[in-house]
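Reading through the C-alpha cells given below for one structure.
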Amino acid sequence: MSRWTIARPQSVEGVGLHMGVACRLGFEPAASGSGIRFRRTDRGGMEIPARVDRAVLAERRTQLGEGPEAIHTVEHVLAAVAAQEIDDLVITMDGPEPPILDGSAGPFFDALGAAGVREQAGERDSFTVGETVRMTDGESEYVAEPGRGLDLDVEIVFPHPVIGRQRGEYRVTRDSFARELAGARTFGFVREVDALRAKGLIRGASTRNAVVLDDRGVVDTTLRWPDEFVRHKAMDCVGDLALIGGRLNARVRAIRPSHRGTVLFVRELARVATRS
Ligand SMILES: [Zn+2]
C-alpha cells in the first residue's frame, strides 16, 4: 500500500486544554518516509516525531518530549491524522499544546479533509500483532489480538448517573471515525476542577470545549450521543495507538483506558509486533 501526505496546508487555532495557552496549529505536506512530526515554530523549529519512543508518561494527556520543548495533549490531533490515513505530515505549532477547539477530534479531521491527500512513493508502515498481548496498568486493562485493520472495543466505568458503564465496539476506518468518533468531546467533573487546576492542568477548559459534569448531570451543553463518553475514550485510543508509528493491524480491547496505560501498551505492542 502506498503512502499519503496532504495536498495543501491547513491550520486551526485556539487555546490548549491543559496549558491554557493560545496556539496556531498547521498541517503541512511532508516527504515520503518522514512520518508524522510535530514542529515547534516558537522553539526554533525543533521537531519531535509522533512516536511512542518520544512519549512521556503524563497525567490526563499524552505528551511528547520533556521540559519547555514538550508537546502536550497530542491525542486528538493524532487520532484525526490516523483516521485520515496520512503517513507523512508536519504538524507545526507556535505553542506547547494543540488548540482544544470544541474538545473533539472533529475540527482536526475536517481541516485534514479540506487539505486533500496526495499519494507518494514508498510503502506505508504497518504493525501486525501476531499473538495475544495483555497488559494491566493500575485500573486500565488492555488486550490485543491478531486482526486486519484496527478494531477497538472500549469500556469505561464512572460512578456518575449520566455515565455509569459504557462500552463501544468500532471498526476504525475513515468513514466510521467520521461518523462515530470524531465528534465525541472530552469530559470532566466539576468536583475535580480544583485539584487539577492546582496541578497546572485544565487551565483552558470550559463548558465550550469540554462536557462538564456536576454531581447530577451535564452543565451548559447537550450530549451529542448518550454514550459520547466512551466514544471520546475510543477516539483517544485511536490517537495514542497511532504512536506505534504506522497502521496497526489488531483487535484491541481497552477497559478503563488511560493515556499513561495506552502509551505503555503501545510500547509493548511496538516491541512484539511485526513491522512491514
Ligand atoms: Zn481526549
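Looking at the range 73-80, can you tell me whether even one residue there is touching a residue at least 12 places away in the same chain (Cβ under 8 Å) and open to solvent by 20 Å² or more (accessible area, probe 1.4 Å)? No, the conditions are met nowhere in the range 73-80.
Checking each residue of the range 108-122 against the condition of being within 18 Å of C237 (Cα to Cα), within 16 Å of the ligand (Cβ to nearest atom), open to solvent by 10 Å² or more (accessible area, probe 1.4 Å) and of a type outside the set (D, E) gives at least one match.
With a requirement of 1 or more residues that are away from the ligand (no atom under 16 Å from the Cβ), the helices (runs of 4 or more DSSP H) lying completely within the range 163-276 that satisfy it span 193-198, 259-272. Every listed requirement among (1) under 23 Å from T186 (Cα atoms); (2) open to solvent by 10 Å² or more (accessible area, probe 1.4 Å) is met by T62 save one, (2). Considered as a group, the residues in the range 158-172 that are out of contact with any Pro (no Cβ under 9 Å at 6 or more places or on another chain) and in contact (Cβ under 8 Å) with a residue 40 or more places away in the chain include one that is farthest from V211 (Cα to Cα), and that residue is V172.
For G239, the stated conditions do not hold, so it cannot be described as at pLDDT 95 or above, farther than 22 Å from S140 by Cβ and either in contact with a Ser or Thr (Cβ under 9 Å, 6 or more places away or on another chain) or open to solvent by 40 Å² or more (accessible area, probe 1.4 Å) (or both).
Just checking, which of F229, F189 is farther than 18 Å from A82 by Cα, touching a Phe, Trp or Tyr at 6+ places or on another chain (Cβ under 7 Å) and open to solvent by less than 30 Å² (accessible area, probe 1.4 Å)? Every option except F229 fails the conditions.
The values are calculated or read from the model by the stated rules, or taken from the named source; none is laboratory data. It should be emphasised that the depicted structure is a prediction, and the values quoted were computed from it without experimental measurement. No Cβ is skipped: glycine too gets one built from the backbone with ideal geometry, and neighbour counts run over all protein chains shown. To get the accessible areas, we keep the full protein, side chains included, count just its heavy atoms, and leave off ligands, DNA and RNA. Shrake-Rupley method; radii C 1.70, N 1.55, O 1.52, S 1.80 Å.
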